[in-house]
1. Extending each Cα 7 Å along its Cβ direction at A62 and E156, get the distance between those two points in nm, one decimal.
2. Which ordering of V193, V139, V185 is given by a fewest-first count of other beta-carbon atoms within 10 Å?
3. What is the calculated FRET efficiency for D171 to I70, with r their C-beta to C-beta distance and R₀ = 22 Å, to the nearest 0.05?
4. What is the extension gain from I118 to A49, computed as 0.36 nm multiplied by their sequence separation minus the C-alpha to C-alpha distance, in nm to one decimal?
Amino acid sequence: MPPKPISVLALFPLLLLSACPGPPQVSPDAGPDGESVSATLSSAGFVGALGPGQEVVFQYQAASGELLRIAAPPDPTLTAVARQAVDMAPRWLRPDLQRALARVDGQLQLSLWVPQQILDGHNPLPSLGFSQTLGTGAVDLYLVDRNEYQRRARGEAFMARQAFEGATRIDGQSIPLGEGDWYLVLSNARRLVHTQWVELELRAAR
């Protein structure tokens, strides 16, 4: 028996479906509206006690996009003066810092919480040590480029891309990064008695 001919009307729904475009293809790195968004390159953080005079340093390596914890200077200075580059007129910036900030090459997102500070001491009469947990604490954060980081380590006045002094809480703040390597210094150097309990989260993206 010869095959039954297929009606053109029977093929119409298939032709209609093939003519209709499907849903738009969205890149895995795209936002909800399809726009391009930055992808996280690296993350780092610190959770723990930061003693009086202590510092923790993270380095953002521009070549690899990595965030690495590095050794802090052996003797953090208490006399270095911070000046925020973002709050200064361009003519007052050092030429090397002007070049570093001329082009945005990424961003650093940071979150900070210092829920408490601890006072440790010694009672000479009964010869006993004591520890007292107090309310929320505070630390200092400085984001600097390589040259300004070296100036600060030498105890010289330095210019910070961003400075947070006496900070207790920062919720997901994003800071544009210029070219080259950058350093984030978490410091308790200005506090000679109190230990700070710190929760710091960092993410670097381009």
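Each value in this text was obtained by applying a stated rule to the coordinates, not by laboratory testing. Source: prediction; values computed, not measured. Cβ coordinates were reconstructed from backbone atoms using ideal geometry, including for glycine residues, and neighbour counts include every protein chain displayed.
1. Label at A62, label at E156, 2.0 nm between them.
2. V193, V185, V139
3. Between D171 and I70 the formula returns 0.30.
4. Gain on extension, I118 to A49, equals 23.9 nm.
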